[in-house]
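The values are calculated or read from the model by the stated rules, or taken from the named source; none is laboratory data. What you are looking at is a predicted structure, and each value in this text was computed from that prediction instead of being measured. As a convention, Cβ positions derive from the backbone with ideal geometry for all residues, glycine included, and neighbour counts pool all protein chains shown. Accessible surface is based on the protein model in full, side chains and every heavy atom, while ligands, DNA and RNA are left aside. Shrake-Rupley method; radii C 1.70, N 1.55, O 1.52, S 1.80 Å.
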Amino acid sequence: MTRKVSDVTRTKNGRPVHHWRRDVVELAALFTAVAVADAVANLVGHGPDGPELLLVSAMVLVATVGFHTWWSRRHGHAPPTGDTGARPLPSGQQAGPSDRVSATPDPVAGESTLWRMRTTVKDEPGSLAALCAALAGQRVDILSLQTHPLADGTVDEFLLRAPGDLAGSDITRSVALAGGSDTWIERADTHDLVDAPTRMLGLAARTALDAAELPLALRQLLGRCTIRSLPAKPVAGSGSGPEAVPAEGVLEDTVMRLRAPEGGVLTVERPYLPFTPTEFARVRALVELDARLGPRVPRSHDVLTLPEGSDITVRRADVDDLEAAKAMHERCSQRTLGMRYHGPIGDADRYLNHLLSPRFGRTLAVQTASGRVVGLGHLLWDGDETEVALLIEDAWQRRGIGSELLRRLVGMAVEAGCESVYAVTQSSNTGMVAAMRGLGLPLDYQIEEGTLVITARLETPLGATEGTVGITRVEAP
């Protein structure tokens, strides 16, 4: 807006410029005020009515001040709304959030998407700042940041909140232009909002309570990965000497190998994303904690009342139940064992050490009031998949025990964050097929080498299981 000629100041090259006529008026006013003050002083000091005149002058001055105060309150001195005197921003420069209120909604404040992203940057000043500036240019909010130092750079791991219409490829393209390399990105959820120290403490607490939690803790820590526990291979030429894996473990890009607590080798693979030394140190800390605490299984149990009135107990089992499980094998028919193990019946006992070990999953045992084990249910960590398996003694079949065990095992899989579970059986095993259908979950059927593989997708919550058994939970002292 164009200003009037009589305004106090104008700007030229950023410096204030005073008009010469304004200076002349100010000097004339100053001399006039001095002359009036001198005349008043002479009149008051030498005139006969000096004190009275001085009192009248004071009253007039007070009245003038009061009138001025009333006038200023009624008519403020603020400049017109269209002329605030503010200097315009330079050409091309936009006001920041504190300088203006946008009429368009912020896309981040509306519908947004959480992303987990990793990228490698050079270990030099300004590299991270350039990356953050590129994300800010896409209206992406950085919720958390972890750095993983490497020998020739740094892996930065971000948790991002981006506008809902911004694709992951757009984010990675901006990151690449800002100097990021080997960028990996995937969708995240609210569970990723937990900071790394809090997550590690929670995983350590879960591992300390239950030996079967170690594989699950590693999956939650590392994301999608394949975990296997294998017998240790001796060093070549050393016979049965020391293990090939040193006590501190081995890190090879996308594979970790550590000494398992039971003496074997724990292998963790993640082909789509290399491990960092920081992740390796965290995994090793959890494995060492598990080894120091030794075998441990929660000892709570549930009492179930069968339709005919008999009471049975469902509890967690481990290798301490090996002899009881072998005794149950001896009481089972050849047909029942063949349905369960799909191989030579004489080899059934050698599977039990693996099945009952909490390192490979969780096992539920069903025992009678006399303490005899009459049923076993297994939830097995098979690499990056999860298997369920049941064995019920012949005399206790078709009483709802298998369905109850299966429902509990699938509930454990849901708590562990598994996406699906599968059961390997035969098409003639109508009891297992009916139990899987009774879960009320989407099922996939596939025939592999003469056996039936039923996969249940854990996308929907488990409904109530049909049956008439009553359940009373009893915590072990």
Enumerate by residue number the GluC sites (Glu not before Pro) in region 288-374 meeting two conditions: DSSP loop (anything except H, G, I, E, B), and at most 14 other Cβ atoms within 10 Å of the site's Cβ. E308
Three principal axis extents, largest first, for the C-alpha atoms of region 116-218, in Å? 46, 36, 18
Sorted largest first, extent of region 322-418 alpha carbons per principal axis (Å): 36, 28, 21
With θ set to phi - 60° and the Karplus curve 6.51 cos²θ - 1.76 cosθ + 1.60, what are the ³J(HN,Hα) couplings of region 256-271 in order, to the nearest whole Hz, using x for Gly and Pro? 10, 9, 9, 6, 6, x, 8, x, x, 10, 9, 10, 10, 10, 9, x
For region 147-292, size of Cβ-based charge dipole, Lys and Arg +1, Asp and Glu -1, in debye: 340 debye
Backbone HN-Hα couplings from phi across region 351-361 [Karplus 6.51/-1.76/1.60, Hz, Gly and Pro as x]: 7, 5, 4, 5, 5, 8, 6, x, 5, 9, x
Counting pairs of Cα atoms in region 247-328, how many percent are more than 18 Å apart? 62 percent
For region 177-185, in residue order, the Karplus 3J(HN,Hα) values (coefficients 6.51, -1.76, 1.60; θ = phi - 60°; whole Hz; Gly and Pro = x) are 5, 8, x, x, 9, 6, 7, 10, 9
Ranking by accessible area, most exposed first, for S403, S229, S370 with a 1.4 Å probe: S370, S403, S229
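How large is the Kirkwood hydrodynamic radius of region 152-306, in angstrom, based on all distinct alpha carbon pairs? If you can, show how the numbers build up before the last one.
Values: mean 1/r = 0.0548 Å⁻¹.
Averaging 1/r across every pair of different Cα atoms and inverting gives 18.3 Å.
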